[in-house]
Amino acid sequence: MRTGLIYATTMAACVLAGTSASAHISLETKQAMAGASYKAVFAVPHGCAGSPTVKIRVQIPEGVIAVKPMPKAGWSVDVVEGKYTGEYDYHGNKVSSGPKEVVWSGGKLPDHNYDEFVISTFLTDSLKPNTMLYFPVVQECEKGVSRWIEIPAEGATPSHEGKSPAPGVKLLPKP
């Protein structure tokens, strides 16, 4: 019986170790409605192979506007502006440019800690319901970089089996 307990404990430790090693940056809310506000909460479960995270770069996909990052104590936040490929209606105003990337830097998130980075957004009506919308993220560490940028081909089933999947949200139609 003792051997069985040791075996079970060892197996549980291996499963947990494997889970944390393969964990990736993800979005807390997995579904959102096109044509509505969306609070994107990026969960960062670890650093880069033991090294602390010192910068998070989130690429804003086309069709996502009115981006406002949440400040984070101990970190600076920068917004990279640019032109959109189209023009969007936002509360009666035409919008053709805005945030294309949000960057948190200057802080230090140890590898063994978890944290969240948040942006408030508006998902325009131009986004297609019943599809996935991906936010590529680059995680820079004191030693190394993890690029969470893999986006499945159009029509492919989303999978977290890839080595570096981009965080994604499923777009729902308006009721």
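Taking region 91-120 as the search range and keeping residues that are among the β-branched types (V, I, T) and in contact with an Asp or Glu (Cβ under 8 Å, 6 or more places away or on another chain), which one is nearest to S51 (Cα to Cα)? Steps first, answer last, please.
Filtering region 91-120 down to residues among the β-branched types (V, I, T) leaves 95, 102-103, 118-119.
In the following step, the residues that additionally are in contact with an Asp or Glu (Cβ under 8 Å, 6 or more places away or on another chain) were identified as 95, 102-103.
On the way: V95: 40, V102: 22, V103: 19 Å.
The residue in question is V103.
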Please specify each residue of region 127-165 satisfying the condition of being modelled with pLDDT of 95 or more, in a loop (DSSP other than H, G, I, E, B) and among the aliphatic types (A, V, I, L, M). L127, I149
Condition (residue is part of a loop (DSSP other than H, G, I, E, B) and either β-branched (V, I, T) or within 22 Å of T29 (Cβ to Cβ) (or both)) applied to region 118-125: is it met by at least one residue? yes
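Of these, K72, K94, which one is at pLDDT 95 or above and in a loop (DSSP other than H, G, I, E, B)? Before the answer, list the steps.
Working: K94 fails: in a loop (DSSP other than H, G, I, E, B).
Step by step, each of K72, K94 is checked, and only K72 is at pLDDT 95 or above and in a loop (DSSP other than H, G, I, E, B).
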Quick one: in region 80-112, of everything that is open to solvent by less than 60 Å² (accessible area, probe 1.4 Å) and without any contact (Cβ under 8 Å) to a residue 24 or more places away in the chain, which residue is farthest from the chain's Cα centre (by Cα)? S96
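The values are calculated or read from the model by the stated rules, or taken from the named source; none is laboratory data. This one's a predicted model, so the numbers in the text were calculated from it and none came from an experiment. Positions of Cβ are backbone-derived with ideal geometry, glycine not excepted, and every protein chain shown enters the neighbour counts. What goes into the accessible areas is simple: the full protein's heavy atoms, side chains included, and nothing from ligands, DNA or RNA. Shrake-Rupley method; radii C 1.70, N 1.55, O 1.52, S 1.80 Å.
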